[in-house]
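Note sheet for the following structure.
No lab work stands behind these numbers, since they all come straight from the coordinates. Nothing here was measured: the structure is a model prediction, and the numbers come from that model. Note: ideal-geometry Cβ built from the backbone for every residue, glycine included; neighbour counts use all protein chains shown.
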Amino acid sequence: MTPVLSIQHASLVYPNGNGGLLALDNLSFDVAPGEFVCVIGPSGCGKSSMLKLFSGLRRPTEGQIIFEGEPLVHPRRRIGVVFQKANLMPWRTVLQNITLPLELERVPGEAAMSRARELVELVGLAGFENARPRDLSGGMEQRVAIARALVHRPDVLLLDEPFGSLDALTRERMHLELLRIWDRYRKTVIMVTHSISEAILLADRVIVLTARPGRLRADLPIRLPRPRTLEQVFTPEFGALVTQVRAAIE
């Protein structure tokens with residue numbers, strides 16, 4: 001299957017006045033259409049930097065990013081991004097935050113609102129359309145951020161530790177919500193996480209990076225049956241995968 005995204009021999013150096021800081025070194029892997037890939041590794045290994053390359057927000061110092069057969073040199077509307085913080089505009093309602101990307105694209109108002117209402121239903125926020133961020137929990141804010149990233153119907157969704165600041169129970173609920181949304185649309189997803197169990201529960205593949213500079217340590221298939229459930233976390237198969245990923249990280 002032809003990859004939708006590829007990172008090919010990519011290195012990234014941040015200028016620091018002292019020869020530069022090498023964040024990623026000769027990193028290569030492909031992502032197939034509709035695949036859910038989680039990327040994990042030690043803190044500071046370049047996971048978020050890698051997502052910036054995939055989003056087109058940064059260009060690699062060496063190597064290249066390929067999106068649907070062409071070099072990716074700038075952000076593309078068909079690649080949506082959800083950051084660690086929801087970054088909602090506090091003076092806008094849920095619907096208005098979701099429609100913001102469409103407003104910037106000059107999509108007619110009624111068409112934008114119709115699409116936003118559909119996503120409000122999808123992410124489980126019906127009844128909160130006119131709420132402002134101050135009235136939402138952390139999990140609800142992240143749902144709005146995911147809806148905002150999906151509103152222009154991207155082919156690829158990049159997630160940068162979107163649940164890292166949530167409590168354990170809310171995080172579990174968001175795992176199930178994300179799996180439900182992914183199963184509905186089957187977007188290509190690349191998600192950065194620090195959690196081994198989160199990566200295994202969600203992903204088709206887990207990419208493990210080394211400590212900085214980030215290099216490919218392991219590319220592990222996750223062959224747990226879908227649809228995934230929280231009960232799978234307690235199975236021997238899940239435990240064996242946790243051990244395998246942890247060994248790759250260490």
Please give, to one decimal in nm, the separation of the simple spin-label points placed at residue 62 and residue 111, each 7 Å out from Cα toward the Cβ. 4.6
What are the ³J(HN,Hα) values, in whole Hz, obtained from phi via the Karplus relation 6.51 cos²θ - 1.76 cosθ + 1.60 with θ = phi - 60°, for each residue of the range 47-56 in sequence order, with x given for Gly and Pro? 4, 5, 4, 4, 5, 4, 5, 5, 7, x
Within a Cβ distance under 10 Å of residue 152, other residues only, what is the Lys/Arg minus Asp/Glu net charge? +4
Between the modelled labels at residue 129 and residue 184 (7 Å from Cα along Cα→Cβ) the distance in nm is 1.5
The answer for the net charge of residues other than residue 79 whose Cβ lies under 11 angstrom from its Cβ, with Lys and Arg +1 and Asp and Glu -1, is +2
Three-way shape label, the chain, alpha-carbon gyration tensor, a/c 1.5: oblate
For the range 161-250, state which trypsin sites (Lys or Arg not before Pro) are in a DSSP loop and have at most 16 other beta carbons lying within 10 Å of their beta carbon. 186, 223
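Taking Cα pairs under 8 Å and at least six residues apart, what relative contact order does the chain come out at, in percent?
On the way: 478 pairs, mean separation 64.6, N = 250.
Computed value for the chain: 26 percent relative contact order.
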Using amide H atoms built in the peptide plane, which far-off residues or other-chain residues are under 5 Å from residue 5 H to H? 31, 68
Springs between alpha-carbon pairs under 10 angstrom, Gaussian network model over the chain: which of 17, 69, 46 fluctuates most? 17
Would you mind telling me which residue in 127, 139, 63 has the biggest mean-square fluctuation in a Gaussian network model of the chain, where springs connect alpha carbons within a distance under 10 angstrom? 127
Report the label-to-label distance for residue 89 and residue 22 in nanometres (one decimal), using points 7 Å from each Cα along the Cα→Cβ vector. 4.3
Most mobile of 73, 192, 37 in a GNM of the chain (Cα contacts under 10 Å): 73
